[in-house]
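Asker: I have a structure I would like to understand better, so I am pasting it below and will then ask my questions one at a time.
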Amino acid sequence: MQPLPDEDLLDQGKRVRSQATHGRGNQPERHRQWMGEVSWDILAGQFFQSWDPARHVKSFSQCVFESWQPRWISIDWGFEHATVVLWWTRVRVKTDLDQKAERTVLLCYRQLVMRQMNEQLVAERIAAANHTGDKFDPIHHIYLSPDRFSKASQYR
């Protein structure tokens, strides 16, 4: 039979919980819910905590692509999970309030998800996907997750 927890330990746990939840009024609603009561139905802690598809997803017709803007690729190399390649550029976005599209934003305009492929196959898939219509996208930089370099020495 397990002994009952010490009263001091219970009080200490209440203080820690109180400190963790203090000032949570400025947190997103799902964080306030998560911190207040334990619920496995709440998704919290993701990288983009304030993601709102209505605000952050734009159609291509709203975007003004300019050929002089650099384009780059970011690669998250998946060893046990998928390898993800994202194509990026800076675009001007037309909105109801800004029809001239004077504001620029970073845009991820293409993604490629691959599983269980070696370097050669990944490179071939990236090259095959790197086009808009019949025109290849000029890529200025490629950013690869640092973990790819740390694991590479294990296979030599």
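Asker: So what's the projected area for the stretch 68-155, the Cα convex hull averaged over all directions, in nm²?
Answerer: Orientation-averaged projected area of the Cα hull: 7.4 nm².
Asker: Ranking request for peptides 92-104, 68-80: highest mean number of other beta-carbon atoms within 10 Å first, then the rest in descending order.
Answerer: Order by mean packing, descending: 68-80, 92-104.
Asker: Could you check the simple spin-label distance between ASP147 and VAL93, using points 7 Å along Cα→Cβ, in nm with one decimal?
Answerer: 2.9
Asker: Quick one: which residues, 5 or more positions from ARG110 or on another chain, have an amide H under 5 Å from its amide H? H modelled 1.01 Å from N in the peptide plane, none for Pro or chain starts.
Answerer: TRP87
Each value in this text was obtained by applying a stated rule to the coordinates, not by laboratory testing. From a predicted model like this one, the values you see are computed outputs, not experimental measurements. Don't worry about glycine lacking a Cβ; one is built from the backbone with ideal geometry, like all the others, and counts go over all protein chains shown.
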